[in-house]
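Please read the structure below before turning to the comments.
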Ligand code: HAM
């Protein structure tokens, strides 16, 4: 019989990887607490229409990457490809996203995109995202960037990530720019690849994002969005740059950074690395001042970004930024029937006596030797041995495995207090 395998592009995260994930998640949680962001948990499945209306119908995600299916009542649903659309939907639905009110949210969880899998690119991947509603000025843009910079510092990744920023201006200035781009690329139609030809009709800005090296020169010579910018966006972007410089943040202005989702305006940014091959962006985001109104809410400015968790974990692993090995305090060796019979009663009492005690009780029997081997593999600091002899004398033998000290016997009555002084 053939064995079953996970769906292509969808990965198991096994215990050996978990310390990296746990460290990253805990660091993010601490950061969000420190900056005053509240957690939200939103559904993994939303109505397909939500993504059509927010991400945009002429984007790679909507055109070819969504996991959509008909519910039993015929309604089209989609596994969320990202978290911004659902956040806006929830904010409107609960009446939370209102003019003159500020909300700072974060979320985490799996996202789904039917992309071609490769290192750093998966079909189920995990994001931690931030969304801020109600703030228009560039100060909040700076705060998101500073929070992210602090994350890299806390994780020891500052030297392998670079910040790129750009502005997309207002919808009107984008419209003017779009026409200039269509004119320019139409004049060079014969040099475009198939993907770009398709984009020319439907989403010409995305041609700027092309990874095809043959198009590099053509793209370099294309009209610049900055030349069509409206005055307010220009001022917003100038302020953003001045504030970043004032805060000592290093950045590069990349005029070709356009992002793959349609809802952005003004500030967009990506944190990139050259350590992960083609999958360069480890975190990315920007403003989406029009999206709340576009989805039926009031006009409320917003900005957010998301971290690609697999990619940050890959960087941690690549750099050998090893998290502490999970510690076990005590491994309990139970040898013989009598020991197994009293074992759980005793060990549960020790757990009561020493809250938080990390204790692995041997299950599945085995010789002394086999049990010690398991104790060693668990990285426990101490072994507690309970054999026939110990049961008879109502003692345990305490043996240091990674600590200094002599092996000794301790009366059952005193084990709780002893473990508390050693491990509590
Ligand atoms: P995004 O650029 O599509 O933006 O995704 C954010 C991050 O998720 C990327 O920079 C990357 O690290 C990670 N990511 C994306 N696709 C994959 C994949 N297939 N495999 C592994 N990692 C991936 C958004 O999703 C926006 N919602 C971000 C945002 C929040 N903008 C405003 N608020």
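Points worth noting:
- Base-10 log of normalised Debye intensity for the chain (one unit scatterer per alpha-carbon) at q = 0.10, 0.12 Å⁻¹: -0.80, -1.00
- Over all projection directions, the Cα-based convex hull of segment 165-259 averages an area of 6.3 nm².
- Take the Cα of residue 202, go 7 Å toward its beta carbon, and the backbone nitrogen atoms of segment 61-86 under 17 Å from that spot belong to 61-68.
- Approximate spin-label separation residue 14-residue 353, in nm, with each point projected 7 Å along Cα-to-Cβ: 3.8 nm
- Extension gain from residue 392 to residue 178, taking 0.36 nm per residue of separation minus the Cα-Cα distance: 68.4 nm
- Extension gain for residue 252 to residue 413 (0.36 nm times residue separation, less C-alpha to C-alpha distance): 51.4 nm.
- Percent of beta bridges antiparallel (DSSP, segment 286-424, rounded to nearest 5): 55 percent
- Hull shadow area, averaged, segment 276-321 [alpha-carbon convex hull, nm²]: 4.3 nm²
- Distance between the C-alpha centres of segment 29-45 and segment 105-131: 16 Å, rounded to the whole angstrom.
- Each of residue 42 and residue 406 was given a label point 7 Å from its Cα along the Cα-to-Cβ line. The distance between the two points is 6.4 nm.
- When the helices of the chain are scored as -39500 (n - 2.57) per DSSP H run of n ≥ 4 and the total is divided over every residue, the value at 222 nm lands at -11500 deg cm²/dmol.
- Label zone at residue 374, where the point sits 7 Å out along the Cα-to-Cβ direction: segment 335-368 residues whose backbone N lies under 11 Å: 335, 360-368
- Convex hull volume of the Cα atoms of segment 330-418, normalised per residue: 90 Å³.
- Size descriptor, Kirkwood hydrodynamic radius, that averages inverse alpha-carbon separations across segment 303-366, Å: 15.5 Å
- Centre separation in Å (Cα based) which lies between segment 77-92 and segment 333-403: 49 Å
- C-alpha long axis of helix 231-246 to longest principal axis of the chain, angle in °: 40 degrees
- log10 of Debye I(q)/I(0), alpha-carbon scatterers only, for segment 101-256 at 0.11, 0.12, 0.15, 0.20 Å⁻¹: -0.62, -0.74, -1.12, -1.32
- Using a Gaussian network model of the chain in which every pair of alpha carbons under 10 angstrom is joined by a spring, one finds that among 136, 194, 115 the greatest mean-square fluctuation is at 194.
- Between residue 7 and residue 186, the simple spin-label model (points 7 angstrom out along Cα→Cβ) gives 4.1 nm.
- Between segment 288-315 and segment 220-255, the Cα center-to-center distance that results, in Å: 20 Å
- Cα long-axis angle, helix 412-423 against the chain (0 to 90 degrees, to the nearest 10): 40 degrees
Any read-out appearing in this document is the output of simple, stated calculations on the displayed coordinates, not a laboratory observation. Note that the structure is predicted; figures quoted are calculated from it, not measured. Here the Cβ is made from the backbone with ideal geometry for all residues, glycine too, and neighbour counts use every protein chain on show.
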